[in-house]
Structure formats: structure tokens, C-alpha cells
Protein chains: 2
Amino acid sequence: MPKIVDHEKMKNIIAEATWKIISEKGIHQATSRTIAKEAGLSQGALRHYFSKQESLLAFAMELVKEKVLIRLRNLNARELSPQERIVEYLLELVPTDEQTLLEMEVWFAFVAYGKTQQGFDTNYEDLQNAIRNCITYLKNEGLLRTTDEEKEQETLYAFMNGMALNLYLEPDKINRTRSKEMIQDYINWIIR
Amino acid sequence: MPKIVDHEKMKNIIAEATWKIISEKGIHQATSRTIAKEAGLSQGALRHYFSKQESLLAFAMELVKEKVLIRLRNLNARELSPQERIVEYLLELVPTDEQTLLEMEVWFAFVAYGKTQQGFDTNYEDLQNAIRNCITYLKNEGLLRTTDEEKEQETLYAFMNGMALNLYLEPDKINRTRSKEMIQDYINWIIR
């Protein structure tokens, strides 16, 4: 008799098992065999939730993005000055603890994977837009120092990606206070 | 009768064939079979130059670094103001054409690979130090705005890595003039 399980919850468990494999062994080891084992399922049960390897990887990637976007939305509810809001917002996009480091590891693995796998859409435009919107927001608040909005977007995007990449490469340097300071300095530079 | 070949030259040819495979198919496809085929050698001949897969990959990675470091050294011979020198120097660290994009693709592939392969030393400290030295140089010239040398190094490193990563992900945005402008703006920010 089949067990009654929450389909979405099980998909999340599988996606998180996928993250763990990717983080520890690399994306090329994320096969139905290793993932099923990590999630405590048979390969047949795994195929029930994800019939194809690609759809499993796509879901695991979406879940990373979803977690970040939820944190960003939660910030909207907080009372913050425009400048503080942007700093807190950007701080959500760099690894500051074990959980966000894991997300970052998985994210970069997918990005590198997507570069050489035709048809695998990493779809990182959402996060790129999240960063771009910070500049537009500052501009609309009359806080942006320059008029070249596009260049400011590109430069902030570079800075944020670089911070994230560095912490991914050297996770023992993860330090929320330090990252916040660096972001504050940067924002102080670009506002007037 | 064995052909007379320049051993170092042949190793370079093999390393460049390795780059091409990595760039087009990903590092996990860079096997002795695909590399030998790309380089126009038998697998036996390939093993003559590199008896182990790891030593081939390590050499291909070193060659990327070597090419960058040669360009950086060439800059020393040019007559430039301290500020111009740093801008030109940093510009060598982001992709500005097909060749430097290829280097960047191979570089990121190695970095991602090194994260999950025990014992494969990506050794990116050399490039990290190249960037750190820019800040020390500006400081020694009395040009650095702040006294927190370490934070300035970290922030510049983030900015440069981010620019490189963005151009790797979206190579159709490669634009030497634009990159130079962004670096100039950044340096203008951090100097006094």
C-alpha cells in the first residue's frame, strides 16, 4: 500500500539531497543513484517524483533561487531607511552562514554546469534583476550619485558576484559583519 | 624513427587542446581520449608527455596563470602614471577578447573542479596576490584613500572577480572600453 506523502515536501527533500551531493562531490556525481541514496529512497521512487535527471536538477536550482527570493521579500516588511534596506537586501545575496554557503556552492555548480550543457537554463536573470533593481530603487529615491544607471547596475552586479565568489572559494572568511561593512562602504560610494 | 619535437612546445599544444575541450565541453569531458584527439596525437603519445590526467590538468591550469602573469610583467616596461598602471594591470585580469575569454573559461572550470577534487590544487593565490599588490602599490605611492589596506584589497578582489565572472557568464558583453571605464571609476573611488 503506498504511503501517503506530501508530494511537494518530498520534492524538497530530494532537492536538498541533490544540493548535499553537489556541495560535497560535485554536480557530475549528482546521479539518480547517489541522490536516491542520500534521500533514503529507491531509484524507482525517485523517478516517481522526477522522471528525468534534467528536471530534478532544474528543480534543485529553482529551489536555491526561491529561498533567496523569499528572504528578499521578507525584508520588504521591515522598517528601514532606503539606504539600510539596500544594504540588508544585498547582504542576503552573499554567503553569511553555512546554509547560505551551501546555496552558493550549489548555485555556482549549476552556473558552471549550465555553461557546457546545452538546453539547461540556469536562468540567473532573476538574481541579476534583483541587484539591478537596487540601483533603480536608489535612483527613484533621488539617492544615486551618477546618471549612468546601467553602468552602476553593472558595477554593483560585478561587486556582489565577486564577494559571493570569494566567499565560496574561501568559506573560512565568511563574516557577516565584515560583508555588511564592505557593502555599506560600497553603497556610500554610489549614493549622494 | 621518432620525430624530433620540442618537448615544451608539444606540452603547450596539448595544454591548449585541453583548454579547447574544457571550454567547449566542460572539464569532465577532458579525458586522455578527447584531448589526444583534439591535439592530433595517439593516447600513447599523450601519455609520453603527461603520464597522469592530474599532471596534464595541473599543467593546463599553470599555463593559464603563466599567460596572465607574462602580460602583467610586460606592463612594467611601459611608462605610465601609478594610477594608469593599476588600471591597465587590472584590465589584464578580465576577459577583453576571445583569447582572454578562453583563459577565463578554463580558469573557472579549474576553480570549480578544484572545489570538489581532493588534492587538486588550483593555487589561485598568485592572482589574488597580484590584485592585493595593486592596493599595496597605491598605498606606497601615497594614493590610497583609507588606511584599511586589507579591506581595500578584499573589496578590489571582489570587484575584479565579479567583473570577470559576469563576462564569463555573458561573453557578448565583453567590451574593453567599458571594462576600462568601470575599473577607472573604481580606482577613482579608492584613491585620494
(message) Filter the stretch B:104-125 down to the residues that are surrounded by 21 or more Cβ atoms within 10 Å (Cβ to Cβ) and more than 10 Å from chain A (Cβ to nearest Cβ) and list them by number.
(response) B:104, B:106, B:107, B:110
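How many of the residues making up the stretch B:157-170 are in a helix (DSSP H, G or I) and either more than 10 Å from chain A (Cβ to nearest Cβ) or free of Cβ contacts under 8 Å to residues at least 60 places away in the same chain (or both)? Outline the logic, then answer.
First, the residues of the stretch B:157-170 that are in a helix (DSSP H, G or I): B:157-169.
Pick out the ones that are also either more than 10 Å from chain A (Cβ to nearest Cβ) or free of Cβ contacts under 8 Å to residues at least 60 places away in the same chain (or both) and you get B:157-159, B:161-162, B:165-166, B:169.
Matching residues across the stretch B:157-170 total 8.
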(message) Checking residue B:153 against (1) within 9 Å of chain A (Cβ to nearest Cβ); (2) over 30 Å from residue A:21 (Cβ atoms), only one condition comes out false. Which one?
(response) (1)
(message) Filter the stretch B:118-147 down to the residues that are without any contact (Cβ under 8 Å) to a residue 12 or more places away in the chain, within 19 Å of residue B:82 (Cβ to Cβ) and outside any helix (DSSP H, G or I) and list them by number.
(response) B:142, B:147
(message) Among the listed residues B:73, B:47, identify the single one that is part of a helix (DSSP H, G or I) and surrounded by 14 or more Cβ atoms within 10 Å (Cβ to Cβ).
(response) B:47
(request) Could you run through the stretch A:72-99 and say how many residues are touching a Leu at 6+ places or on another chain (Cβ under 9 Å) and either over 30 Å from residue B:109 (Cα atoms) or away from chain B (no Cβ under 14 Å) (or both)? (result) 10
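For residue B:38, are the conditions met, namely being more than 14 Å from chain A (Cβ to nearest Cβ) and within 25 Å of residue A:113 (Cβ to Cβ)?
On the way: more than 14 Å from chain A (Cβ to nearest Cβ): yes; within 25 Å of residue A:113 (Cβ to Cβ): yes.
Here the answer is yes, as residue B:38 does meet what is asked.
Rule-based calculations on the coordinates, nothing more; no lab input. Here the structure is a predicted model, which is why all the values come from computation and not from measurement. Every residue, glycine as well, gets a Cβ built from its backbone with ideal geometry; the counts of neighbours run over all protein chains shown.
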